[in-house]
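Any read-out appearing in this document is the output of simple, stated calculations on the displayed coordinates, not a laboratory observation. The model shown is predicted, which means the values in this text are computed figures rather than measured ones. No Cβ is skipped: glycine too gets one built from the backbone with ideal geometry, and neighbour counts run over all protein chains shown.
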Amino acid sequence: MAASDCHVSVCDNRGLMTDTVTIPFSSVGLAEPILRAVAEKGYTTMSPIQAAAIPHVLQGRDVMGAAQTGTGKTAAFVLPLLQRMLKHETPSPSPARHPVRALVLTPTRELADQIQDNVKAYAKYTQLRSTVVFGGIDIKPQIAELRKGVEILTATPGRLLDHIEMKSAVLNQVEYVVLDEADRMLDIGFLPDLQRILSFLPKQRITLLFSATFSPEIKRLAASYLQNPILVEVARPNETAANVEQLFFSIHEDDKRRVLRQVIRERGITQAFVFCNSKLGCARLARTLERDGLRTTALHGDKSQDERLKALEAFKKGEVDLLVATDVAARGLDIKDVPAVFNFDIPFNAEDYVHRIGRTGRAGASGLAISFVCGDDKRLIGDIEKLIKKKVEFTPFEAAEESPRRGERFNSGRRAWGDEEEVREASRDASRDATRPSRGGYSGSYGRPAPKPVDPFFDKPYEEKAATEIASWDNSKTSATTATSLSTPSGRPTFDALRK
Ligand code: AMP
C-alpha cells in the first residue's frame, strides 16, 4: 500500500479543538474499570488525538497518528489497547494464561518507563498484567517478570530482541502493536531491529504508529506494516504552542550562565529544563550551576540508567530546580508544568527546538521558552525560522549584574557547540541513549544540521494562529492558555539561592 492510498481522516486543528474539548471519555465505549482509572487521573474530556484515535482503534482499525508528546497520545493508544485486552482478563496465576498480547515499542528507556507508568495507572482496576523492558539495567529481573506472564509489554527494540533471543519474550500471540515515536526510532537506527521484531508477530493484528513527523521513511514503514490505516493528525510538528512565550536573547557566549541566573531570579521561575547540545557541555554546566547554589541535576547519555531515573524522580518531586539535559536524554519526558525551558545552546537540528520548547506549556498550562543566541548561531536560527514559519524577534536584554571577566569561561574556553569534537559528542549521545548500537540502516541525525523536511507543509507560508485556535483540550486549564507571561504555580519551591 502506498502511504498516499491510506484512508485519510485528517483532524483539522481548528475544527477539532472546538469540536472535541467537550467529548467525555464515557462517550466512546470504554469499560467502567478503565473509566474509573481515567477519572482518578483527573481527566474529564478527551484530548484531540484521543478523540480522533480511540474510536478507530476500538473498531479494530490500524492508525497512523501525527502527534507530539504532550498531546495525550499515550492514553490515545493505551486506553483502547486495554479495552481490547479486557476479553483476555483472567485471575489465573498460570503464566501460560498471560501471554504477551499487546506490545508497545518506543525509542528510549525514559519513554518506555513513562508509558509503563501510564499502562499501570489505567489498568489498575483490571486484572491485566504489564511490564516494561529496556537496556542499560540488569536483564535478570526482567526475565523473571516476563516468565510470570504479562499481557502488555512495553519495550525498547534492542532489549526486546535480547529477550526474544533468550526466549523470555514470546510474541506469537500479539494482537496489538504500537510503534511510538517512530521517527525517533528510525533516527536512532532501530529500523532493522523493528523489522526483525515485527517479523515475529502474527500478521493478524492491530498496528498503530505514532510519529511527530511523516518522512518518506516513516511512510514506507507504515506502508509495509499497517493495513489500510486511518491517519489522525492534530498538531503539526513545526507548530509551536501559542501558550508558550518564546524569547530570544542575543548575548555573548560568556554571559549565558549569568543571564540564566538573572532570568530565573527576575521571573521567579520555579523549575526549568536547560538544554545543551552535548553531554560534556551538559555535565559542565550542571556542575557550575550547582556551585552557584542552584539545585541542579544533569540528564545525558553518559549517566547510568539508575542515575537518570533518580534525576528524573528528584526533578518531578521538586527536589531539584534545574534539569540540564541533552536532547536525546530529554526527548518525550512527561514532566508536568515545567514553567520554563532554556535553550542554553541553540539546537543543531531545528526540529529539536520544537521538541525542546514542547516541554513547557504542556496540557494547556502557560510556558516560557528562552533561547540564548550567540554570534555563530545565525544559521541555526534561520533553520528554526523556516521550520516554525515565523521570524524570530530578539528581545533586548539588560544584564543586571556585571558581566563575568572575559576569558573566564565556564566551559574552559571552548565553545559549547560547533566545535568538531563537541559535535561528535552530541552525535555519540544519540546512539548511546539507544539501548543498543545502531545496526545500520538509518543513521542518527543529532549533531548534524537538520535535513531538509520533505513534507509540503513546510513550504507553506507561516500563518499566524490566534491563541484560542490552539486552545487547551483540557477545559479546566483553558484559562491559562492565552496567558503570555509566566504564571508561577503556587506551592512549588522557588530558587531560594537566587532570591538571597
Ligand atoms: P502524553 O502526550 O501522552 O505524554 O501526555 C501528556 C500529558 O497529558 C500527560 O501528563 C498526561 O497524563 C496528560 N493527559 C493525557 N490525556 C489527558 C486528558 N484527556 N486530560 C488531561 N490530561 C491528559
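Could you calculate the FRET efficiency of LYS124 with GLN195 from 1/(1 + (r/R0)^6), where r is the beta carbon distance between them and R0 is 35 Å, rounded to 0.05? Show your work: numbers first, answer last.
Working: r = 34 Å, r/R0 = 0.98.
Calculated transfer efficiency: 0.55.
Show me the three semi-axes of the equivalent ellipsoid for region 16-139, from the C-alpha gyration tensor (sqrt of 5 times each eigenvalue), largest first, rounded to whole Å. Provide the component values of the computation, followed by the final result.
On the way: eigenvalues 119, 68, 35 Å².
Here the semi-axes work out to 24, 18, 13 Å.
Taking 25 Å as the cut-off for C-alpha to C-alpha distance, list the pairs among LYS316/LYS389; LYS219/LYS310; LYS140/LYS317; LYS73/LYS219 that go past it.
On the way: LYS316/LYS389 33 Å; LYS219/LYS310 37 Å; LYS140/LYS317 29 Å; LYS73/LYS219 19 Å.
Violating the 25 Å Cα-Cα cut-off are LYS316/LYS389; LYS219/LYS310; LYS140/LYS317.
Once you have the Cα-Cα distance between LYS391 and ASP138, take 0.36 nm times their residue separation minus that, and quote the gain in nm to one decimal. Show your work: numbers first, answer last.
Numbers: separation 253, 0.36 × 253 = 91.08 nm, distance 4.82 nm.
Separation in residues times 0.36 nm, less the Cα-Cα distance, equals 86.3 nm.
List, in order, the whole-Hz ³J(HN,Hα) value for each residue of region 168-175 obtained from phi through the Karplus relation with A = 6.51, B = -1.76, C = 1.60 and θ = phi - 60°; use x for Gly and Pro.
So the J values, rounded to whole Hz, are 7, 10, 10, 10, 7, 10, 6, 10.
Rounded if a/c is under 1.5, else prolate if a/b beats b/c, else oblate: with a ≥ b ≥ c from the C-alpha gyration tensor eigenvalues square-rooted, which is region 7-233?
Working: a/c = 1.76, a/b = 1.20, b/c = 1.46.
Oblate, because a/c is 1.5 or more while a/b does not exceed b/c.
Take ARG205, ARG147 and order them by how many other Cβ atoms sit within 10 Å, fewest up front.
Working: ARG205 19, ARG147 12.
Fewest-to-most Cβ neighbours within 10 Å comes out as ARG147, ARG205.
First measure r as the distance between the Cβ atoms of GLU32 and ALA314, then evaluate 1/(1 + (r/R0)^6) with R0 = 41 Å and state the FRET efficiency to the nearest 0.05. Mind dumping the intermediate values first?
Values: r = 37 Å, r/R0 = 0.89.
According to the calculation, E is roughly 0.65.
Just the Cα atoms of region 87-148, one point each, no solvent: what log10 I(q)/I(0) does Debye give at q = 0.15 Å⁻¹?
-0.50
Based on the alpha-carbon gyration tensor of region 164-233 and its eigenvalue square roots a ≥ b ≥ c, which shape applies: rounded if a/c is under 1.5, prolate if not and a/b is larger than b/c, or oblate? Can you show the working numbers first?
Working: a/c = 2.23, a/b = 1.39, b/c = 1.61.
Oblate shape, in that a/c is at least 1.5 and b/c is the bigger or equal ratio.
I want to check the label-to-label distance for GLU307 and ALA39. Put each point 7 Å from Cα in the C-beta direction and report it in nm to one decimal.
Taking the two extended label points, one gets 4.5 nm.
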